[in-house]
Structure formats: structure tokens, C-alpha cells
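A.B. asks: Supplied in C-alpha cells, the structure appears directly below.
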Amino acid sequence: MTDTPGATDRGRTAAVLTGLGAWLPPRRVPNSELCTRIDSSDQWIRERIGIAERRIAEPPVATGDMAVEAAARALASAGACGADALVLATNTPDRPCPATAPWVAHRLGLPAVAAFDVMAGCSGFLYACTVAAGLIAAGTAQRVLVVGAETMTSLVDPADRATAPIFGDGAGAAVLEAGPPHAEGALGPVVWGSDGSLSDAIAVPAGGARERHRRHLAAPEEHFVQMRGNEVFRHAVRRMSAAARQAAAAAGWGIGDVDRLIAHQANQRITATVADTLGIPAAHAPSNIAQVGNTAAASVPLLLAHAADQGELKPGHKVLLVAFGSGLAWAATTLVWPAGLSARLP
Ligand code: UT7
């Protein structure tokens with residue numbers, strides 16, 4: 001057991017990363033195109049957020065389709081053709097009900113596997129990995145497919161300059177398998193938490209049970225995500241820095257041991273500030289936000305796949321993962337990058 005607050009110890013059977021896949025919709029939207037709709041500029045978006053372009057899923061493509069593409073690639077990367085369970089992290093399910101995961105499993109040809117969605121904002125993928133690790137530790141599953149997929153542009157008001165420049169669509173997926181806790185690729189202790197007192201800091205006001213009495217009265221913008229960006233920024237830096245530091249300590253690492261920081265791609269200035277606060281060199285915090293934007297629950301697995309593909313993650317690297325988002329919810333964990341893992345990208 002660890003004495004780090006909020007940390008969990010998952011016993012003797014660990015969840016080991018054996019496969020990684022990603023998928024991005026082909027349509028690119030550069031800042032210049034976005035700025036024909038909102039009062040902003042390419043320069044402002046690059047300097048204040050770090051984004052040059054994002055990908056947009058064009059209807060009828062939705063979260064489930066992108067999840068299928070990323071998950072199939074993760075299974076191929078693991079050399080596996082099946083899994084005991086599928087956990088899909090998303091804030092943008094294909095429909096309010098039912099969960100999207102069973103349909104994804106069906107499309108993958110995995111009939112009858114346990115499949116469910118996890119909604120934990122931009123921390124969803126790390127939350128889903130933690131759930132998967134718990135299933136593996138309990139002996140409930142041997143191999144779990146964990147997917148982060150988002151059609152964030154379905155939640156974004158295209159005319160809202162507070163959110164439209166930030167979010168993009170995409171999917172990433174990982175295969176986690178039972179293995180020894182000291183194996184390369186084994187997920188370390190998790191530090192996670194939430195603060196529901198700030199649940200309205202990033203929220204879609206309408207469309208849920210709370211507002212059902214005025215379902216037909218809601219203004220159009222109440223069906224889109226609304227964010228108090230400046231406030232969220234400060235909490236993101238504070239929570240990500242603390243959780244990352246605690247997760248490293250729970251793994252028995254000093255911050256100087258960390259080779260790479262994989263941080264949720266919320267805003268390049270958040271990643272830079274978190275790295276700086278922790279004392280991790282900026283060059284050791286890979287980033288893909290310039291090309292894909294903030295893809296919420298897809299962000300961490302997409303960055304893992306891109307960083308692995310570009311040789312940023314090398315066998316034996318000590319990797320610290322951290323995420324933060326709506327809820328508010330945050331999570332951090334560690335792993336030693338395994339040899340022979342080759343991410344599958346489109
Ligand atoms: O994914 C997890 C959850 N999300 C996040 O973690 C996102 C966290 N927040 C952020 O990334 C940033 O707060 C934003 C990118 C949303 C906004 O950046 P900011 O630097 O915090 O901007 P601000 O709201 O403090 O506004 C600064 C200035 C204001 O102008 P004045 O009053 O200084 O003249 C805004 O009106 O920037 C202006 N502004 C813009 N200008 C051009 C705000 N948004 C825009 C825009 N284009 N899109």
C-alpha cells in the first residue's frame with residue numbers, strides 16, 4: 001500500500017499496456033477557417049492556446065465510429081483479436097442513452113463482452129484505465145480494451161470564441177492485460193479525485209435530467225458546452241501539478257527520474273506551466289495540441305500514440321501521465337515504457 005493521499009494500490013496483478021491505436025477524422029480546420037466565424041485570430045489562438053488546426057468529424061461520423069477505428073488499431077498493435085471488456089471514455093456519446101461502448105464492441109466483432117462508458121471529462125481515459133486495472137486486479141478480466149473517443153465539436157457552439165478554438169475530434173485506444181506489477185508497461189499507482197463544487201465551470205446546461213422541466217425552453221447556446229476558461233486554467237495547473245507529483249511519489253520516483261510527462265492537451269500554456277511547476281524540462285513534455293487541439297477524453301491516448309510513433313517514448317522511459325477536466329476531475333499515474341510496443345495510426 002502507498003501512503004499517498006488518494007492513491008490506490010491494485011495488488012499483485014497489474015494492468016500492462018500491450019497495444020496502442022489512434023484515429024483522427026481527415027477533415028482539418030485551420031485557425032484561419034475558424035476565424036471566419038469567430039472574433040479571433042490565428043496569432044491569438046497559437047499564442048494563447050498553442051493550436052494551429054484541429055480535426056472535425058463530419059456527420060454522420062460520430063464518437064462510436066472513431067472509437068471502433070482506434071480500438072481496432074490498438075488490438076492489432078497488441079497482436080490480439082479479442083478482449084474481456086471494453087471501457088469507453090467519452091463526454092460525447094453517440095446518443096444520451098444507451099452507452100456507446102456496447103455498439104463499439106459489436107462493430108469490433110466482440111459480441112457479449114462487458115462494455116460500458118465512463119464520463120470523467122478530459123480525465124476519462126485515465127479513469128477508464130483505472131477501472132480496467134481494477135477489473136484485472138480482481139480477476140474479473142484478463143484483457144481490457146480502453147478507448148477515449150470524442151466528437152467534441154458536437155458540443156461546441158461554432159460561434160463561441162471561448163470554446164470553438166479549443167476543441168477537436170478524435171480517438172485513441174489502449175489494450176491493458178494482466179501481468180506482474182514490475183513488468184514494463186505496468187500501470188503504477190493512481191492518484192485521482194474530483195471537485196463537484198465546480199461542476200458548472202465546464203458544463204452543458206441543458207439536455208439532462210436537471211433541466212427536464214424546461215426542455216423545450218432552453219436557449220440554443222444552453223445545449224453547447226460553456227466554460228469559465230480562466231478559472232478552469234488555474235485549477236488545471238494546480239490539480240495536475242499536485243496529482244502528477246503524488247503519482248510519481250507513489251511509484252517511488254523522484255521528479256528527476258521522470259523521462260516524459262504525458263499531459264492532457266488542454267492548452268499548451270497549461271502543459272508548459274505544469275511541467276515548469278514540477279521541474280520537468282519543456283522538451284520532456286511531448287505535445288500534439290498544435291495539430292489536433294483539445295480532444296478531451298481522447299487526448300491522453302492520442303498523445304501516447306503520436307509520441308510513441310515519433311520515437312519520443314523509448315523503452316525504459318519513466319512516463320508520468322496526468323489529466324484534468326470537467327467535473328472537475330483529475331487523475332495521474334505512471335508507467336515504464338515497454339519495449340516492442342508499436343502504436344498503430346491511420
Ligand atoms: O480540457 C480541460 C478543460 N479546459 C481547459 O483546461 C481550458 C482552460 N482555459 C484556457 O485554456 C484559457 O483560459 C482559454 C484559452 C479558454 C482563454 O485564454 P485566456 O488567456 O484565459 O483568456 P481570457 O479569458 O483571460 O481573456 C484574455 C483576453 C480578453 O481580452 P481583454 O479583456 O484582455 O481585452 C478576452 O476578451 O483575450 C480575449 N479573448 C480572445 N481574443 C481572441 C478571449 N478569447 C479570445 C479569442 N480570441 N478566442
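The values are calculated or read from the model by the stated rules, or taken from the named source; none is laboratory data. Since this is a predicted model, take the numbers as computed values, not measurements. Positions of Cβ are generated from backbone atoms using ideal geometry, with glycine treated the same way; all protein chains shown enter the neighbour counts. Note: accessible area is taken over every heavy atom of the protein model, side chains too, but ligands, DNA and RNA are not part of it. Shrake-Rupley method; radii C 1.70, N 1.55, O 1.52, S 1.80 Å.
A.B. asks: Summarise the accessible area of region 168-254 (1.4 Å probe, protein heavy atoms) by the percent that is carbon and sulfur.
C.D. replies: Reported share for carbon and sulfur atoms: 53 percent.
A.B. asks: Using a 1.4 angstrom probe on the protein heavy atoms only, line up 210, 269 by accessible area, largest first.
C.D. replies: Reading off the accessible areas and sorting them downward yields 210, 269.
A.B. asks: Next up: With a probe of 1.4 Å, find how much accessible area region 23-145 has per residue, and write the answer as a whole number in Å².
C.D. replies: On the way: 5420 Å² over 123 residues.
That works out to 44 Å² for each residue.
A.B. asks: Can you list residues whose amide H is under 5 Å from residue 326's amide H, if they're 5+ apart or on another chain and H is modeled 1.01 Å from N?
C.D. replies: Amide H to amide H, under 5 Å and 5 or more residues apart or across chains, residue 326 pairs with 122, 123.
A.B. asks: With a 1.4 Å probe and all protein chains left in place, how much accessible area per residue does region 191-344 have, in Å²?
C.D. replies: That works out to 41 Å² per residue.
A.B. asks: Probe radius 1.4 Å, ligands and nucleic acids left out: which of 33, 58 has the largest accessible area, and how do the rest follow?
C.D. replies: On the way: 33 55, 58 100 Å².
Result, largest first: 58, 33.
A.B. asks: Provide the packing ranking of 307-317, 160-170, 79-89, i.e. peptides ordered by the mean count of other C-beta atoms within 10 Å per residue, highest first.
C.D. replies: Working: 307-317: 16.0, 160-170: 23.2, 79-89: 21.2.
Put in order of decreasing packing, that is 160-170, 79-89, 307-317.
A.B. asks: When the chain is fully extended, how far beyond the present Cα-Cα distance does residue 95 get from residue 197, taking 0.36 nm per residue of separation?
C.D. replies: Gain on stretching residue 95 to residue 197: 34.0 nm.
A.B. asks: 5 Å is the cut-off here: which amide hydrogens, built 1.01 Å from N in the peptide plane, fall below it relative to residue 285, excluding neighbours closer than 5 in sequence?
C.D. replies: Placed amide hydrogens put 261 under 5 Å from residue 285.
A.B. asks: Compute the relative contact order of region 79-118 as a whole-number percentage, counting only Cα pairs closer than 8 Å that sit 6 or more residues apart in sequence.
C.D. replies: The value is 53 percent.
A.B. asks: List every residue whose amide H lies under 5 Å from the amide H of residue 115, counting only residues 5 or more places away in sequence or on a different chain, with H placed 1.01 Å from N in the peptide plane.
C.D. replies: 86
A.B. asks: If R0 is 56 Å, what FRET efficiency do you get for residue 255 and residue 214 from their C-beta distance, rounded to 0.05?
C.D. replies: After rounding to 0.05, the efficiency reads 0.70.
A.B. asks: Roughly what % of DSSP beta bridges within the chain run antiparallel, to the nearest 5? Spell out each step's value before the answer.
C.D. replies: Numbers: 39 of 56 bridges.
The antiparallel proportion sits near 70 percent.
A.B. asks: Return the sequence-ordered ³J(HN,Hα) values of region 75-85 in whole Hz as given by the Karplus equation 6.51 cos²θ - 1.76 cosθ + 1.60 applied to θ = phi - 60°, using x for Gly and Pro.
C.D. replies: 4, 4, 4, 7, x, 10, 10, x, 8, 7, 7
A.B. asks: Could you tell me the relative contact order of the chain? Use alpha-carbon pairs under 8 Å, at least six residues apart, and round to a whole percent.
C.D. replies: Across the chain, relative contact order equals 27 percent.
A.B. asks: Using the basic label-point model (7 angstrom from Cα toward the beta carbon), what is the residue 112 to residue 27 distance in nanometres?
C.D. replies: 3.9 nm
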